[in-house]
Amino acid sequence: MRVLALDLGEQRIGVALSDPLGWLATPLTVLSCSSREAELAAIEELARKHQVEQVVVGYPRSLNGTAGPQAQRVDRYVEQLRARLQVPVILWDERLSTVQAERLIREAGKRVRRERIDAAAAAVILQSYLDAQSLTKGSEAQSLTKESETQRNGHQGGTI
């Protein structure tokens, strides 16, 4: 399942894309459009072109978990995205994603440029989301395996 991620900034939008299996996030591009309408059209085109099944948007919370003015701006943006896109749009905690993206770029020996950080931050957000989904699926699979073993052994549940 392909997933597109957005890191909404004041001037630019960092964009990342997952692999077809939904395991690995990769920076894709940075959008810097002249209007909100142009941004939404560009996002809609990227979603269509890459056949994404979900869009994840970084949600800016403060370190204590509260949502401030920036989060309210993202809420309004996401409302417009949801009205326009035919796929689910999911908010995902983006705390410290930019800091982590900068660190990863430096560790890779690359020059830290604002555009590079925006797309890398979107990839950090997306990888966090994909990892969480993988863990959820893994625990569900483990739970189903335990239930199957219990049924095969003739136990109805509980501790033996």
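Computed from the coordinates by the stated procedures, all read-outs in this text should not be read as laboratory data. As the structure is a prediction and not an experimental result, all values here were calculated from the model. Methodologically, a virtual Cβ is constructed for each residue, glycine included, from the backbone with ideal geometry; neighbour enumeration extends over all protein chains shown.
Taking 0.36 nm per residue of separation and subtracting the Cα-Cα distance, full extension of the segment from residue 93 to residue 63 would add 9.8 nm. When 117, 125 are arranged by Cβ crowding within 10 Å, least crowded first, meaning fewest neighbours, the order is 117, 125. What residues of the stretch 121-136 lie in the reach of a label at residue 75, counting those whose backbone N is under 17 Å from a point 7 Å from the Cα along Cα→Cβ? Backbone N within reach: none found. Footprinting exposure proxy ranking of 90, 43, fewest other C-beta atoms within 10 angstrom first, gives 90, 43.
Annotation: the residues 40, 4, 135, sorted from fewest to most other C-beta atoms within 10 Å of their own C-beta, follow the order 135, 40, 4.
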